[in-house]
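Trainee: Before anything else, here's the structure in question.
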Amino acid sequence: MNLWRKLLAEFIGTSLLLATVVGSGIMGVALANGNNAIALLANAAATACVLYVLVELFAPISGAHFNPVVTLVMRMHGEIGNRDALAYVVVQLVAAVAGVMLAHLMFNLPLIQLGIHVRAGLPQWISEAVATFGLMLTILLGRRHRPAAVPALVASYIFAAYWFTASTSFANPAVTLARALTQTFAGIRPQDVTGFVLAQIVGAVLGYAVAVALRAFAQEPSPATT
């Protein structure tokens, strides 16, 4: 029963996250009169705000992963077992698609559309690796040093990463897959998904390794105290 509560929290959180990402992109484009900077600002702000809310609400229940690579890192860290991790990932993927469909439904669009926005090439892949690397550091080091601030830290990082990465920071395989099913502002071509996901996995593993190294280093006595 406890696992089902966690999975329900992951489903609601992930689906609302995707509905916000896609829905705010649709609304931003509709109101920006062709100004992509305004549309991106609206998209980034809405995503950061909903992330803050969702992490605050669901972290005590499921850990508020909403992201397969976060679940992967927590499995590597020994905080979740294989069965639960697999269940988390399946629910996140299904919920992400449901969130995109919900956004389409709210804006009277076809529920499923294959993405058409080209997001391929080395700069995009590097951006996704960097975005995911930073997200892992934010989560892991934030939980150690500023646990109460993690929702704000994650929201702030994602808002910034929308702007400083060429890919606008998907940083989430479930988000990437689901956004391949929309032709709106937030979309991505299905053939570009694999490169994004591989880059995200690399970034997540590197972020975990660096976080572990930094935490180990922080536990060593400084020269001034020896």
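Trainee: For segment 134-160, enumerate the residues that are more than 23 Å from Thr20 (Cα to Cα) and out of contact with any Lys or Arg (no Cβ under 9 Å at 6 or more places or on another chain).
Mentor: Leu137, Gly142, Arg143, His145, Arg146, Pro147, Ala148
Trainee: Of Ala178, Ala174, Ala160, which residue is of a type outside the set (S, T, N, Q) and either outside any helix (DSSP H, G or I) or over 30 Å from Asn108 (Cβ atoms) (or both)?
Mentor: Result of the check over Ala178, Ala174, Ala160: Ala160.
Trainee: Would you point out which residue out of Thr47, Thr20, Thr14, Thr71 is of a type outside the set (A, V, I, L, M, F, W, C), within 24 Å of Tyr162 (Cα to Cα) and in contact with a Cys (Cβ under 9 Å, 6 or more places away or on another chain)?
Mentor: That would be Thr20, the only listed residue that is of a type outside the set (A, V, I, L, M, F, W, C), within 24 Å of Tyr162 (Cα to Cα) and in contact with a Cys (Cβ under 9 Å, 6 or more places away or on another chain).
Trainee: Suppose we filter segment 163-173 for residues that are surrounded by fewer than 18 Cβ atoms within 10 Å (Cβ to Cβ) and closer than 16 Å to Val197 by Cα; how many remain?
Mentor: Total satisfying the criteria: 1.
Trainee: Also: Taking the stated definitions as given, is Tyr88 closer than 23 Å to Gly207 by Cβ, touching a His at 6+ places or on another chain (Cβ under 9 Å) and surrounded by 15 or more Cβ atoms within 10 Å (Cβ to Cβ)?
Mentor: Spelling it out, Tyr88 is indeed closer than 23 Å to Gly207 by Cβ, touching a His at 6+ places or on another chain (Cβ under 9 Å) and surrounded by 15 or more Cβ atoms within 10 Å (Cβ to Cβ).
Trainee: How about segment 1-85: which helices (runs of 4 or more DSSP H) wholly inside it have at least 1 residues that are in contact with a Pro (Cβ under 6 Å, 6 or more places away or on another chain) and within 27 Å of Tyr208 (Cα to Cα)?
Mentor: Per the criteria, 36-62, 68-76.
Trainee: Right, another one. Within segment 186-204, take every residue that is of a type in the set (A, V, I, L, M, F, W, C) and buried (at least 24 other Cβ atoms within 10 Å of the Cβ) and give me the one that is farthest from Ile126 (Cα to Cα).
Mentor: Ala186
Trainee: Picking from Val50, Val55, Val73, which residue would you name as being within 14 Å of the chain's Cα centre (by Cα), open to solvent by less than 10 Å² (accessible area, probe 1.4 Å) and hydrophobic (A, V, I, L, M, F, W, C)?
Mentor: Testing whether each residue is within 14 Å of the chain's Cα centre (by Cα), open to solvent by less than 10 Å² (accessible area, probe 1.4 Å) and hydrophobic (A, V, I, L, M, F, W, C) leaves just Val73.
Trainee: Restricting attention to segment 118-162, and to residues there that are open to solvent by 40 Å² or more (accessible area, probe 1.4 Å) and of a type in the set (Val, Ile, Thr), which single residue is nearest to Leu181 (Cα to Cα)?
Mentor: Among them, the one singled out is Val118.
The values are calculated or read from the model by the stated rules, or taken from the named source; none is laboratory data. Since the model is a prediction, treat every value here as computed from it, not as a measurement. Quick reminder, even Gly has a Cβ in these numbers, built from the backbone with ideal geometry, and neighbours come from all protein chains shown. Accessible surface areas use protein heavy atoms only, side chains included; no ligands, DNA or RNA. Shrake-Rupley method; radii C 1.70, N 1.55, O 1.52, S 1.80 Å.
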